[in-house]
Amino acid sequence: LTRYGETTSLTDAEFRVLCAFLDHPQQLLTRDQLIDLAKGVDTPVYDRSIDVTVSRLRKKLGRDAPIRTARNE
């Protein structure tokens, strides 16, 4: 990932989650949808692991990351 001229490595899981968001712009994705969209081949993905992955991705994207959380929607 290159942002403002600075390169940051993404894990495979972070890359898959980022792709899920990019493939579904301006859409509210549930945790279950993210799990389905971001799971790799023969790689189990759990509720908590997707939460951690999104959190790490937000940190790597920076303060103005366009990822928002909607609770109880």
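Okay, residues lined up against (1) closer than 15 Å to LEU57 by Cα; (2) in contact with a Lys or Arg (Cβ under 9 Å, 6 or more places away or on another chain); (3) of a type in the set (A, V, I, L, M):
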| residue | (1), (2), (3) |
| --- | --- |
| LEU1 | yes, yes, yes |
| TYR4 | no, no, no |
| SER9 | yes, yes, no |
| ARG16 | yes, yes, no |
| ALA20 | yes, no, yes |
| HIS24 | no, no, no |
| GLN27 | no, no, no |
| THR30 | no, no, no |
| ALA38 | yes, yes, yes |
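Taking the stated definitions as given, is LEU61 farther than 23 Å from TYR4 by Cα and modelled with pLDDT of 85 or more? Working first, answer last.
Values: farther than 23 Å from TYR4 by Cα: no; modelled with pLDDT of 85 or more: yes.
Answer is no for this residue.
Residue pairs whose Cβ atoms lie under 6 Å apart, separated by 6 or more positions or on different chains, with the first residue in the stretch 1-22 and on the phi < 0 side of the Ramachandran plot and assigned to a helix (DSSP H, G or I) and the second open to solvent by 50 Å² or more (accessible area, probe 1.4 Å) and not basic (Lys, Arg), are ALA20/LEU37. Of everything in the stretch 32-56 that is of a type in the set (S, T, N, Q) and at pLDDT 90 or above, the residue that is surrounded by the most Cβ atoms within 10 Å (Cβ to Cβ) is THR53.
All conditions in (1) open to solvent by less than 50 Å² (accessible area, probe 1.4 Å); (2) assigned to a loop (DSSP other than H, G, I, E, B) hold for THR69, with the sole exception of (1).
Is it the case that GLN27 is part of a helix (DSSP H, G or I) and at pLDDT 90 or above? Against the criterion (part of a helix (DSSP H, G or I) and at pLDDT 90 or above), GLN27 does not qualify.
The values are calculated or read from the model by the stated rules, or taken from the named source; none is laboratory data. Small disclaimer: the values here were computed from a predicted structure and weren't measured. So basically every Cβ, Gly included, is an ideal-geometry build from the backbone, and we count neighbours across all protein chains shown. The accessibility values were calculated without ligands, DNA or RNA, using every heavy atom of the protein model including side chains. Shrake-Rupley method; radii C 1.70, N 1.55, O 1.52, S 1.80 Å.
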